[in-house]
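Beneath this line is the structure, given in structure tokens, with notes to follow.
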Amino acid sequence: MIATRESLRVRAKLFRGLADLSRMSILEILRDGPRNASEVVAQTGLTQPNVSMHLNCLWCCGLVEREVRGRFTYYSIKAKRKVTRLLRAAEDLLEDVYDRIVECSRYEDRSEKP
């Protein structure tokens, strides 16, 4: 299948959305099941506003869904099987390229720089 420019653009946008340490941390936690924002804060150590912003981002992009239960909103991965498969594929790929990715200066995580 030959990808169109538009399909490549949207695919790149998906990966840019995943290319954030906070959002990856949240998705890892949600792999174990639905969580509310307070639970995500407790498990990640991120601030409440930061978690809320990233959960909203993931929801707006369609990667998570939310359900109100009483006073709390619970978030879960939408299309969980596919997202989990994508995260596992990344883990599998890292088995082969981990050292090179760690040393790669082109994709530095700006949030971890002093």
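The values are calculated or read from the model by the stated rules, or taken from the named source; none is laboratory data. Predicted model only: the values in this text are computed from it and were never measured. Reconstructed Cβ throughout: ideal geometry from the backbone, glycine too, with neighbour counts over all protein chains shown.
Within segment 100-108, is even one residue assigned to a loop (DSSP other than H, G, I, E, B) and of a type in the set (A, V, I, L, M, F, W, C)? Checked against the condition, which is being assigned to a loop (DSSP other than H, G, I, E, B) and of a type in the set (A, V, I, L, M, F, W, C), segment 100-108 yields at least one hit. Would you call Ile26 over 17 Å from the mean Cα position of the chain (by Cα) and either assigned to a strand (DSSP E or B) or within 25 Å of Val10 (Cβ to Cβ) (or both)? So Ile26 fails the test.
Okay, residues lined up against (1) of a type in the set (Ser, Thr, Tyr); (2) closer than 22 Å to Val10 by Cα:
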position: Glu65; (1), (2): no, yes
position: Ala79; (1), (2): no, yes
position: Glu95; (1), (2): no, no
position: Val102; (1), (2): no, no
position: Tyr107; (1), (2): yes, yes
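Within segment 29-43, which residues are part of a helix (DSSP H, G or I) and either surrounded by 14 or more Cβ atoms within 10 Å (Cβ to Cβ) or among the polar types (S, T, N, Q) (or both)? Of everything in segment 29-43, those that are part of a helix (DSSP H, G or I) and either surrounded by 14 or more Cβ atoms within 10 Å (Cβ to Cβ) or among the polar types (S, T, N, Q) (or both) turn out to be Ile29, Leu30, Ala37, Ser38, Glu39, Val40, Val41, Gln43. Remark: pairs (first residue in segment 39-58, free of Cβ contacts under 8 Å to residues at least 24 places away in the same chain and closer than 20 Å to Arg71 by Cα; second residue part of a helix (DSSP H, G or I) and small (Gly, Ala, Ser); Cβ separation under 6 Å; 6+ apart in sequence or on different chains) = Ser52/Ala37. Could you grab me the full set of residues in segment 27-38 that are in contact with a strand residue (DSSP E or B) (Cβ under 9 Å, 6 or more places away or on another chain) and either farther than 20 Å from Glu67 by Cβ or without any contact (Cβ under 8 Å) to a residue 40 or more places away in the chain (or both)? Selection gives Ile29, Asn36, Ala37, Ser38.
Scanning segment 5-23 for residues that are under 16 Å from Gly62 (Cα atoms) and either in a helix (DSSP H, G or I) or modelled with pLDDT of 95 or more (or both) turns up Val10, Arg11, Ala12, Lys13, Leu14, Phe15, Arg16, Gly17, Leu18, Arg23.
Residue count for segment 62-92 satisfying the condition of being surrounded by 11 or more Cβ atoms within 10 Å (Cβ to Cβ), hydrophobic (A, V, I, L, M, F, W, C) and not in a helix (DSSP H, G or I): 5. Looking at this structure, is Leu46 out of contact with any Asp or Glu (no Cβ under 8 Å at 6 or more places or on another chain), modelled with pLDDT of 95 or more, buried (at least 17 other Cβ atoms within 10 Å of the Cβ) and assigned to a helix (DSSP H, G or I)? Criteria not met by Leu46.
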